[in-house]
Amino acid sequence: MGVSIIIKTLNEEKRIAATIESALAGLPGGIGEVIIADSGSRDRTVEIASGYPVIVVQIAPPAQASCGIGPQLGFQYSSFDHICLLDGDMTLDPQFLSDALRFLADNPDAAGVTGHVEEMQTSNLEYARRVQRNAPENRVGDIDRMNGGGLYRRSAIEKTGYISDRNLHGYEEFDLGVRLRSLGWKLHRLDRRFVSHFGHTSNSYRLLVRRWNSMYLFGTGELLRASIGKPYFGRLIAELPELKLWAAVYGWWAASIAILLLAPGIVSGIAAVIALAAVIVLLISVKKGGLAMGLYTVVAWCFHAAAVPAGFFRRRLPPDAWIESRSVGTAQ
């Protein structure tokens with residue numbers, strides 16, 4: 001009943017010590033291992049991690065950082081029958097794994113179980129928005145994905161071929177979830193805390209730009225591309241309501257272009273486009289309870305919608321290909 005805890009890292013020197021300590025303390029009966037799967041940190045993440053009794057591995061060229069590459073890298077080095085995924089800016093609830101192992105033992109049709117992700121940095125509008133909405137992170141019972149990580153059965157993962165598609169810069173949890181569920185497995189969220197998440201404290205708009213530059217926002221398009229021709233493609237489309245939202249954004253952009261083309265003058269056309277945008281922001285602000293959240297939400301929609309085609313047309317590598325890596329440190 002041991003657990004391989006895989007901690008995904010990329011420049012997490014501020015939080016990695018606390019994350020590792022919580023993982024080591026959370027191993028039920030101390031049985032298991034902690035694996036640091038690093039995607040090429042340029043700070044002291046690896047140095048700090050190497051001071052603990054953990055396995056430290058890091059991608060090596062030509063492998064490139066992505067959200068999907070960390071779990072798969074750690075999985076390559078794991079050895080226990082249960083796999084727990086954490087991010088390097090999370091701390092694990094000390095009793096979660098014991099409760100999760102009991103749940104999986106009592107529910108043989110469950111491939112994975114998780115709990116609530118407690119957001120600790122809600123001053124950032126992105127994380128505050130997650131808390132407000134009816135997101136997958138907040139639902140209890142049977143779920144379609146385990147956003148934020150959780151505990152998986154190795155046997156279920158092996159039936160899908162791999163734990164995480166190395167090409168995905170986002171939506172890797174949903175990809176794994178839909179692959180597992182297409183084989184008849186279930187996923188479940190307990191009504192208890194799984195981790196505390198200490199996300200970014202930087203400006204929300206700066207975070208959006210950062211996520212564009214890191215290709216994190218490309219995940220939706222990459223997921224669509226990866227799923228074409230798969231037996232679960234129809235299910236995936238039906239279970240991603242954000243696709244309808246991005247389509248609505250494209251409709252808004254198309255209407256704005258039409259207004260500019262059909263307006264009697266450029267000034268009147270621009271004024272009408274600005275007025276339409278202002279109405280949309282105002283309506284969302286009323287729904288979200290404030291202008292700051294409303295404006296940020298609309299801007300975030302635009303970023304996400306623009307990223308879909310960018311992700312869809314990216315070159316793909318075989319998702320189950322061995323990830324080029326090097327061992328930095330081994331458990332002491």
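The values are calculated or read from the model by the stated rules, or taken from the named source; none is laboratory data. These numbers were taken from a predicted model, which means no experiment stands behind them. As a convention, Cβ positions derive from the backbone with ideal geometry for all residues, glycine included, and neighbour counts pool all protein chains shown. We work out accessible area using only protein heavy atoms, side chains counted, and drop any ligands, DNA or RNA first. Shrake-Rupley method; radii C 1.70, N 1.55, O 1.52, S 1.80 Å.
Values as computed for the structure displayed
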{"item": "Residue within the stretch 259-267 that is open to solvent by 50 Å² or more (accessible area, probe 1.4 Å), in contact with a helix residue (DSSP H, G or I) (Cβ under 7 Å, 6 or more places away or on another chain), within 26 Å of residue 242 (Cα to Cα) and in a helix (DSSP H, G or I) present", "result": "yes"}
{"item": "Count - residues of the stretch 143-172 that are open to solvent by less than 20 Å² (accessible area, probe 1.4 Å), part of a helix (DSSP H, G or I) and of a type in the set (S, T, N, Q)", "result": "0"}
{"item": "Selected residue (only one of 98, 78, 66 is modelled with pLDDT under 95 and small (Gly, Ala, Ser))", "result": "66"}
{"item": "Enumeration of residues in the stretch 205-240 that are among the polar types (S, T, N, Q) and within 27 Å of residue 294 (Cα to Cα)", "result": "213, 214, 220"}
{"item": "Pairs where the first residue, in the stretch 99-112, is on the phi < 0 side of the Ramachandran plot and the second is among the polar types (S, T, N, Q) and open to solvent by 50 Å² or more (accessible area, probe 1.4 Å), C-beta under 9 Å, 6+ apart", "result": "111/155"}
{"item": "Candidate set: the stretch 76-92, residues that are surrounded by 18 or more Cβ atoms within 10 Å (Cβ to Cβ) and among the charged types (D, E, K, R); chosen: the one nearest to the chain's Cα centre (by Cα)", "result": "87"}
{"item": "Counted residues, the stretch 268-293 - those being under 30 Å from the mean Cα position of the chain (by Cα), open to solvent by less than 40 Å² (accessible area, probe 1.4 Å) and either modelled with pLDDT of 95 or more or farther than 16 Å from residue 205 by Cα (or both)", "result": "6"}
{"item": "Evaluation of residue 217 against (1) surrounded by 15 or more Cβ atoms within 10 Å (Cβ to Cβ); (2) farther than 18 Å from residue 301 by Cβ (one fails), failing number", "result": "(2)"}
{"item": "Any pair with Cβ under 8 angstrom, 6 or more apart, that starts in the stretch 291-310 at a residue that is in contact (Cβ under 8 Å) with a residue 40 or more places away in the chain and ends at one that is among the charged types (D, E, K, R) and loosely packed, with under 15 Cβ neighbours inside 10 Å", "result": "304/242"}
{"item": "Extreme residue, modelled with the lowest pLDDT, among residues of the stretch 101-122 that are open to solvent by 30 Å² or more (accessible area, probe 1.4 Å) and polar (S, T, N, Q)", "result": "122"}
{"item": "Residue ID - farthest from residue 318 (Cα to Cα), chosen from residues in the stretch 220-233 that are part of a helix (DSSP H, G or I) and open to solvent by 50 Å² or more (accessible area, probe 1.4 Å)", "result": "233"}
{"item": "Of all residues in the stretch 196-214 being of a type in the set (Gly, Ala, Ser) and over 19 Å from residue 296 (Cα atoms), the one that is least open to solvent (accessible area, probe 1.4 Å)", "result": "196"}
{"item": "Candidates 326, 314 - the one that is touching a Phe, Trp or Tyr at 6+ places or on another chain (Cβ under 9 Å), open to solvent by 40 Å² or more (accessible area, probe 1.4 Å) and either within 29 Å of residue 76 (Cβ to Cβ) or touching a residue at least 40 places away in the same chain (Cβ under 8 Å) (or both)", "result": "314"}
{"item": "Any hit, the stretch 241-249, residues being surrounded by 16 or more Cβ atoms within 10 Å (Cβ to Cβ) and in contact with a Cys (Cβ under 9 Å, 6 or more places away or on another chain)", "result": "yes"}
{"item": "Pairs, first part of a loop (DSSP other than H, G, I, E, B) in the stretch 173-198, second charged (D, E, K, R), C-beta under 7 Å, six or more apart", "result": "183/159; 185/109; 198/15; 198/89"}
